[in-house]
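Colleague: My questions all concern the structure below.
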Amino acid sequence: MILPNDFIDELKIVLGDDTDKYITLFEEAPFRGISVNRLKTTPEQLFSMLPFEPEQSPFYSDSFYLPENAENIGQMPLHHAGAFYVQEPSAASAVSLLDIHNGDIVLDLCAAPGGKTSQIASMLGGSGLIWSNEVVKSRASILLSNSERMGITHGVISSCDPEVLCSRLSGYFDKVLVDAPCSGEGMFRKNHSAISEWSREHALACADRQLAILDSAAKALKCGGTMVYSTCTFNYDENEGVVKRFLECHGDFEPLEISHTAARKAFVGNGIRITPVEGGEGHFAAVFRKNGDSDTNIKYYKYPLINKEQKKLVQKFIEDIFVVSPELVPVIIGDKLYLMPDGLPDMGRLGVIRSGIFAGTVTKNRIDPEHALFSCAKPEQLCRVLDLPPDDQRISDFLRGFEIDCDGSGYTGVAVGGIMLGFGKCSGGRLKNKYPKGLRKNS
Ligand code: SAM
């Protein structure tokens, strides 16, 4: 594969003497990695069940390189269970710079397919809120599916124009991530065909779009809050150029120092850049703090009240499934029961496609549970669980949509190695499969 001369000229601006190293590395296999999802597991628990040994990445404590013999990881039951997200290690660097604490309210403004949303949720550990927005509708549904797989409870997913969202939720977020659409130079080793789409003009157009998204994002951030800007490109105009232009127009924002010894320092705004020379496919990140006094005027969501009968129905539904009830607010909209985190802002006309979890479908005198309710549970919270090792034939059968053997009766969670995968309904020694058709394995 021949790299365009224009691209190499631009690369020299940021890599200098290391440009030749990059060109040599270009022909080598790309780095692959996973980020462990602490909503579901720990690295120790996960690695004890993997048939290969992941290696710690220097860019994020829960990110690991995959060895060559790690094959078909997207097909593994532990992947279906959301124990990890397939994420190249340098892509995991940006979230580690957000300095997330329990209870933080976080916006992931360009969120699909959901790698960084998953990392943020993992760090929040089921507290606070992760609001994940993806302007492209078709990609927002992939984001939703991944959020359910990762077992995110304290989340909102929307598909909204960033300017509309950030103006309405002005000053609401403690942390904001802008992982912006870019010219994708960090994807070139993995996807050679992306090179043909590259041009200097495209990179410059991306830079203008990135600046517009950052301008919107700045509104959503609380004073005293932290914002991270990241891309998966090396390009100076899209990285340093955008940071410089942003800081020139936003005197209330200050770039923060990053102490990432494994990354190379960017030329402007204390940013960092990771290239194959540093052990990642390609990422840029810069961190800003917003100074000044808070001025937010958030309207909060009015949780629709449920009537006495609905309350009884919900209580029976929860008690039938859980020994420990989820600490979320039940909300019935139409025939759907959601369990939502408390304290949400008004979500009207913001393209919200999910808030909290879709727990069940309400019929006349009962509620039928949904997959997401079990995906976000812990086995010890449930009344009935069939917990099987990853190599048990019943796990493979369950993932393919078949009935499997099961004792007891009633709605029963199915877990793989202690990590919730889905559920079914047990009766007469068999578990009727409720794993969603769209998620099932074909072979
Ligand atoms: N953060 C994601 C993750 O970790 O999985 C990857 C995000 S990707 C680099 C950038 C996203 O921005 C894409 O999903 C793309 O659809 C979205 N996007 C495209 N145009 C946009 C715009 N004008 N404003 C906001 N987001 C946009």
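The values are calculated or read from the model by the stated rules, or taken from the named source; none is laboratory data. Only a predicted model underlies this, so the values are computations on that prediction, with no experimental measurement involved. Don't worry about glycine lacking a Cβ; one is built from the backbone with ideal geometry, like all the others, and counts go over all protein chains shown. Quick note on the areas: whole protein, heavy atoms, side chains included, nothing else; ligands and nucleic acids left out. Shrake-Rupley method; radii C 1.70, N 1.55, O 1.52, S 1.80 Å.
Colleague: If you roll a 1.4 angstrom probe over the protein chains with everything in place, what fraction of the accessible area of the range 187-230 belongs to carbon and sulfur, to the nearest %?
Modeller: Values: 1000 of 1810 Å².
Summing carbon and sulfur atoms, their accessible area is 55 percent of the total for the range 187-230.
Colleague: Leaving ligands, DNA and RNA out of it, rank Glu88, Glu257, Glu319, Glu185 by accessible area with a 1.4 Å probe, largest first. Could you put the intermediate results ahead of the total?
Modeller: Values: Glu88 35, Glu257 140, Glu319 115, Glu185 5 Å².
Result, largest first: Glu257, Glu319, Glu88, Glu185.
Colleague: Continuing with this model, one more query. For Ile23, what accessible area in Å² do you get when you roll a 1.4 Å probe over the heavy atoms of the protein chains, rounding to the nearest 10?
Modeller: Its accessible surface works out to 60 Å², give or take rounding.
Colleague: Let me ask something else about it. Would you kindly derive the ³J(HN,Hα) couplings of the range 409-416 from the backbone phi angles with the Karplus curve 6.51 cos²θ - 1.76 cosθ + 1.60 (θ = phi - 60°), listing them in order in whole Hz, with x for Gly and Pro?
Modeller: 8, x, 5, 10, x, 10, 10, 10
Colleague: A further question follows. What's the center-to-center distance, using Cα atoms, between the range 297-332 and the range 56-76 in Å?
Modeller: Answer, in whole Å: 38.
Colleague: Measure nothing fancy, just the Cα-based angle from helix 115-124's long axis to the longest principal axis of the chain, in degrees from 0 to 90, nearest 10.
Modeller: It works out to around 70 degrees.
Colleague: What is the distance in Å between the Cα centres of the range 249-265 and the range 123-142?
Modeller: One Cα centre to the other: 25 Å.
Colleague: With a 1.4 Å probe and all protein chains kept in place, how do Thr41, Thr296, Thr261 rank by accessible area, largest first? Let's see the in-between values first.
Modeller: Working: Thr41 5, Thr296 70, Thr261 140 Å².
From most accessible down to least: Thr261, Thr296, Thr41.
Colleague: To continue, here is another question. Listed here are the pairs Lys308/Lys437; Lys40/Lys434; Lys116/Lys378; Lys137/Lys441; Lys21/Lys175; which of them are more than 30 Å apart at the Cα? Write down the numbers at each step before the final one.
Modeller: Numbers: Lys308/Lys437 34 Å; Lys40/Lys434 20 Å; Lys116/Lys378 22 Å; Lys137/Lys441 25 Å; Lys21/Lys175 36 Å.
Too far apart for the 30 Å limit: Lys308/Lys437; Lys21/Lys175.
Colleague: Here's another thing I want to ask about it. I'd like the accessible area for Asp342: 1.4 Å probe, protein heavy atoms, all chains in place, Å² to the nearest 10.
Modeller: 130 Å²
Colleague: Could I ask something else about it? Per residue of the chain, what 222 nm ellipticity follows from adding -39500 (n - 2.57) for every DSSP H run with n ≥ 4, rounded to the nearest 500?
Modeller: Numbers: 13 runs with 116 residues, N = 443.
Helix-only estimate at 222 nm: -7500 deg cm²/dmol.
Colleague: Net charge near Tyr172, counting Lys/Arg +1 and Asp/Glu -1 over other residues with Cβ under 10 Å of its Cβ? Write down the numbers at each step before the final one.
Modeller: Numbers: positive: Arg168, Lys219, Lys222; negative: Asp174.
That sum, taken over residues with Cβ under 10 Å, equals +2.
Colleague: Using protein chains only and a probe of 1.4 angstrom, how many square angstrom of Thr275 are accessible, to the nearest 10?
Modeller: Looks like 0 Å² after rounding.
Colleague: Which order do Met420, Met187 take by accessible area at a 1.4 Å probe, largest first?
Modeller: The residues order as Met187, Met420, largest area first.
Colleague: How far is helix 137-149 tilted, in degrees, relative to the longest principal axis of the Cα atoms in the chain, given as a value from 0 to 90 rounded to the nearest 10?
Modeller: With both axes taken from Cα atoms, the answer is about 60 degrees.
Colleague: Just flag the GluC sites (Glu not before Pro) in the range 1-80 sitting in loop per DSSP whose Cβ has no more than 16 other Cβ atoms within 10 Å.
Modeller: Glu27, Glu28, Glu68, Glu71
Colleague: Compute the long axis of helix 308-321 from its Cα atoms, compare it with the longest principal axis of the Cα atoms of the chain, and write down the angle in degrees, 0 to 90, nearest 10.
Modeller: Once rounded, the angle reads 80 degrees.
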